[in-house]
Amino acid sequence: MDIASHDTDHDRMAAVARGDLSGMNEIYRNRHRPLFRFFYRLTNRQATAEDLVHEVFLRMIRYRHTYQAQVGQAQETDRDPPHAFEAWMYRIARNAMADHSRKHRNEIAPGEGELESIASARPTPFETAAKRQDLSLLHRALRELPEDRRELLILARFQGLSYERIGQILGCQAGTVKGRVFRAMKELGSIYSDLCREKAS
Amino acid sequence: MMCSHAKESMAAGWQREITADEESALRQHLETCPECSAEMAALGGLWDRLADLPAPEPSHALHARWQSTIESLAPSLKPVSRISPLRNWPANLFANFWPASPVWQAAIALGCLLIGLLIGTNLPRRNREIAQLHEEIASTREMVALSLLQQQSATERLRGVDYTGHLQTMEPQVVSALTDAVAHDPSVNVRLAAIDALSKASGKPGVLQSLTQSLPGEDSPMVQAALVDYLVEAHDRKALGALRQLAAQPDLNPAVLERTHFALQQLSR
């Protein structure tokens, strides 16, 4: 997503916070897909991810009055208000995810079949069976990564957020995020190697 | 460069957030540190391969659900600015026709009033029929709303709640169905929409009491916040006990806790 759309979503949300709700549909159009992918990669469930996306947009409307105050805080430290919307949205998304995890902590993790079906979805003519198998293992490794490390890699690798932005969302410095991303990658590499060995034997 | 710093630089490099100086220092370090060099090769390749994982897509049902929610929660969301001039031609025509002079405006208003009186006095029987028809339409709408509120599908129940907004007066059975939805409906969206729909019925008997009773059993932070807001707006001091009970819940959402404290302050004044 380019800087211009960040700008407009920030403006739209600021207007929503002032009581003009007409920009909410446009924000939904711009943001529902990245949010869905964020939740899907965390939960591995289509229906749950869609429920959580819906919940995030409802919370945006419900807590719209908090937007200006939080943007004000971000401006004091960041001087980059257009990106404040993104950080605010992901904070809401993380809270929704945490509430969901608390409520469903006793549920069984999703089966492998769903992940396998994604890994093999729409293969291009250039994709070989070996590559698809490799992706499937990588997907499994990502799923087996503990949730906090998985969330970090999703934010950094798939959501296109800079380390500084992730730091704003998680409430830490960009340098700390870099260190954590390295450690998460190392852990992912270790799980992936184990899975490859398991498959080969 | 220390190994710990090199690891941060590697992560910065994967994300293309590395400066030229940092990159040069990292390269020098990798030439002398076989361990970091091996990690760079293995993890850098893995980072690149993560991009090949397919991107999942939301279903059309999500979009339909959002549209339904937005329409039921906030009818005013439809942006006025997006109405094309062509679609808005009746309003434009009227605006062009309407005179700027207040004298002419008063004359037209008086003329309309006289025509209305003339028609009204000459057609009393027809007026009675129209009044009867209005009553029948209101009664039918009420039945449709109540019937929709009983449906299994949450979307249908949302439509039912939305339908109650079209009723000129809210009859006790409609109010009762809405308070029942707030207390027992399994869908958060329906409960939220029902609270919004009850905003024009806060003076009706039993509404505040029923919503206050719903508060302790509610588990959705959004619905809790909406109920708290409702009770503050209605300035219902009888809700103080339920609000205190809510504030004492150990795992209460921080945003809801903040609003509950605010509500307690407002209602204690």
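Throughout, read-outs are computed from the coordinates displayed, never taken from laboratory work. Not measured: the values here are computed from a predicted model. For neighbour counting, all protein chains shown are included, and Cβ atoms are generated from backbone atoms with ideal geometry for every residue, glycine included.
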Pairs, first within 14 Å of chain A (Cβ to nearest Cβ) in region B:229-256, second surrounded by 17 or more Cβ atoms within 10 Å (Cβ to Cβ) and of a type in the set (Asp, Glu), C-beta under 9 Å, six or more apart: B:230/B:196; B:230/B:236; B:253/A:99
Residues being more than 10 Å from chain B (Cβ to nearest Cβ) and over 13 Å from residue A:86 (Cα atoms) - total across region A:17-31: 2
Tally, over region B:40-61, of residues that are assigned to a helix (DSSP H, G or I) and either more than 7 Å from chain A (Cβ to nearest Cβ) or over 26 Å from residue B:2 (Cβ atoms) (or both): 9
Cβ-Cβ under 8 Å pairs, at least 6 apart or on other chains, region A:153-164 side touching a residue at least 60 places away in the same chain (Cβ under 8 Å), far side crowded, with 22+ Cβ neighbours inside 10 Å and of a type in the set (S, T, N, Q): none
Test: residue B:172 is exposed (fewer than 12 other Cβ atoms within 10 Å of the Cβ), within 14 Å of chain A (Cβ to nearest Cβ) and under 22 Å from residue B:215 (Cα atoms): no
Region B:188-219 - residue that is outside any helix (DSSP H, G or I) and within 14 Å of chain A (Cβ to nearest Cβ) and, of those, surrounded by the fewest Cβ atoms within 10 Å (Cβ to Cβ): B:219
